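The block underneath contains the structure these notes are about, expressed in structure tokens.
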Amino acid sequence: MLRAFSNLVYRRLFVAQIVALLGTGLLTIALGLTAYDLAGDKAGQVLGLALTIKMVAYVGLSPVAAALVARLDRRAVLIGADLLRAGAALCLPFIDAAWQIYALIFVLQAASATFTPTFQAAIPDVLPDEADYTAALSLSRLAYDLENIVSPVLAGLLLSLVAPSWLFAGTTLGFVLSAALVQSIHLPAATARTDQPFRKRLTSGARIYLATPRLRGLLALNATYAAVGSVVIVLSVVLARSTYGGAERDLAVILGAHGAGSMAAALILPRLLGRLHDRPVMLFSAAAAALLMGLTGLYVLLAGWPPWGVLLAVWALTGAAIAGVQTPSGRLLRRSAHAADRPAVFAAQFALSHACWLVAYPAAGLLGSSIGVSATMLTMGLLAGSGLVLARAVWPTAPTPELEHSHDDLPPGHPHLHDAERRGGVWVHRHTFVIDDEHRVWPTAG
């Protein structure tokens with residue numbers, strides 16, 4: 001896994017990701033404190049709406065942003081997005097009304113919706129070797145999980161020394177350092193299709209995504225892990241504080257168990273994916289996540305809550321299972337598009353996966369308050385299982401990436417037909433197949 005760090009460009013990008021994530025983690029904590037200062041007991045409503053705005057920005061703006069910046073140097077795009085995020089974070093200590101939180105959160109998340117897909121699409125060009133890229137995906141997963149653990153600890157240390165408003169300074173510093181690290185490297189030139197009209201650039205990512213069977217399967221798996229993950233994120237506080245009567249630190253413990261399971265899986269996955277195809281690993285992981293959540297909910301309904309240690313083990317295994325679905329997804333995106341189309345496809349994944357979370361978050365919250373946590377766990381486990389069934393149906397096994405297919409829409413002498421032969425009035429050939437301008441529909445035979 002560590003071989004990827006031998007690449008200087010990737011090494012600096014990884015550090016940039018970590019410092020930006022730490023800044024984001026500090027922002028989340030500082031935002032909660034600010035919301036409480038402004039709204040008191042209604043702080044939850046303020047935060048809930050702020051998080052909804054975040055998801056709406058992710059879902060609605062990432063494809064638009066990808067189309068708008070397609071003609072720009074992507075290093076400049078990353079730096080500009082980081083500086084915009086730093087500026088928005090720097091304004092947050094001076095707000096005195098809830099609407100100002102909403103406006104700044106929208107600006108900040110719009111910048112993130114530009115930064116993240118651009119960053120993700122650049123990594124395959126920085127690390128063209130698939131083994132190195134797989135290691136980078138696992139390292140990225142580790143970075144996200146470590147941020148969930150380190151940010152609260154760092155925030156606690158800072159709050160013991162400075163006022164809460166200084167957390168926003170830490171957030172700003174994280175984004176500025178990220179921009180400086182990106183400035184210090186030279187990214188491989190992007191090959192985005194800048195000659196296309198804006199409307200085509202806007203829709204090309206979703207068109208490729210939804211026309212590719214394995215990506216349709218990935219979309220269904222996005223829904224699976226969102227259903228399970230939403231229970232962990234939304235209802236862990238209820239379990240730790242109310243169901244088990246724990247202290248505030250017990251919330252950190254249960255979320256830490258989930259993160260530890262995810263990190264353990266991220267360490268194992270590069271070697272596992274070197275031996276197995278993505279499909280069985282991802283489907284098995286999704287099945288494990290759905291079964292763990294659904295069967296735990298059923299057990300609680302029939303026999304009551306298990307000991308605290310057992311629940312922690314379930315949360316850890318759930319984290320490992322979700323990582324087994326999330327981590328390989330970049331490999332599917334990479335092999336499902338030409339380099340020129342990757343930014344649009346990564347933006348489509350960013351938007352569609354967050355659309356699943358946009359539905360799952362409120363569903364888990366509403367169900368938890370109306371039918372109880374255990375029934376919610378069973379329900380969301382069943383919904384996750386439905387996503388798994390759909391993924392198996394729309395993502396058929398493919399022993400080889402090369403598919404035989406025909407063309408009846410290209411003229412004789414077209415460069416793409418250089419190795420094709422004429423059969424039954426159409427041109428037929430075989431090659432690694434992706435959706436593009438010459439291949440608009442996935443072949444159903446061959």
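Any chance you could check the Cα centroid distance between the stretch 329-404 and the stretch 105-140 for me, in angstrom? Cα centres, the stretch 329-404 to the stretch 105-140: 18 Å. Angle of helix 166-183 to the longest C-alpha principal axis of the chain, folded into 0 to 90 degrees and rounded to 10: 20°. With helices as the sole contributors, the chain gives -25500 deg cm²/dmol at 222 nm; each DSSP H run of n ≥ 4 counts as -39500 (n - 2.57), and the sum is divided by every residue. Residue by residue, the stretch 107-112 carries 3J(HN,Hα) couplings of 5, 4, 6, 5, 5, 5 Hz when phi is fed to the Karplus relation 6.51 cos²θ - 1.76 cosθ + 1.60 (θ = phi - 60°); x denotes Gly or Pro.
Selection among A81, T379, L21 by position relative to the dipole of the chain gives T379 as farthest towards the positive end (Cβ unit charges, Cα centre). Counting only alpha carbon atoms, the long axis of helix 130-159 and the longest principal axis of the chain meet at about 20°. Note that the stretch 59-72 has calculated 3J(HN,Hα) couplings of 5, x, 9, 4, x, 5, 4, 4, 5, 5, 9, 4, 8, 9 Hz, one per residue in order, obtained from phi through the Karplus relation 6.51 cos²θ - 1.76 cosθ + 1.60 (θ = phi - 60°); glycine and proline are x. Near the amide H of V434, within less than 5 Å, lie no amide hydrogens of residues on another chain or at least 5 residues away, with H placed in the peptide plane. Hey, in the GNM for the chain with a 10 angstrom Cα cutoff, which one of L417, L255, L267 fluctuates hardest? Maximum among the listed residues: L417. Of the two radii for the stretch 349-417, the radius of gyration is 1.31 times the Kirkwood radius, both from the alpha carbons; that is the Rg over Rh value. Taking Rg and Dmax of the Cα atoms in Å as calculated from this structure, the corresponding entry among (1) 21.0, 65; (2) 22.7, 78; (3) 23.1, 73 is (2).
Dividing the radius of gyration of the alpha carbons in the stretch 222-315 by their Kirkwood radius gives 1.01 for Rg/Rh. Net charge in the neighbourhood of R141 (other residues with Cβ under 13 Å of its Cβ; Lys, Arg +1, Asp, Glu -1) is -1. Distances between every pair of Cα atoms in the stretch 1-190, grouped in 10 Å steps from 0 to the bin holding the largest one, split as 9, 34, 36, 16, 4, 0 percent.
Computed from phi, the 3J(HN,Hα) profile of the stretch 406-420 under the Karplus parametrisation 6.51, -1.76, 1.60 (θ = phi - 60°) reads 10, 10, 10, 10, 10, x, x, x, 4, x, 5, 9, 4, 10, 8 Hz, with x in place of Gly and Pro. Taking the chain as a Gaussian network of alpha-carbon nodes connected by springs under 10 Å, the highest mean-square fluctuation of the residues P164, P415, P188 belongs to P415.
Comparing G170, G413, G319 in a Gaussian network model of the chain (Cα springs below 10 Å), the most mobile by mean-square fluctuation is G413. Stokes-Einstein, applied to the Kirkwood radius of the stretch 198-399 over Cα pairs at a viscosity of 1.002 mPa s and 20 °C, places its translational diffusion at 123 µm² s⁻¹. For the chain, the longest principal axis of the alpha carbon atoms and the long axis of helix 342-371 meet at an angle near 40°.
Read the figures in this text as sums done on the coordinates, not as results from a lab. Note that this is a predicted model, so its numbers are computed, not measured. A quick note on method: Cβ atoms are made from the backbone with ideal geometry, for glycine too, and the neighbour counts reach across all protein chains shown.
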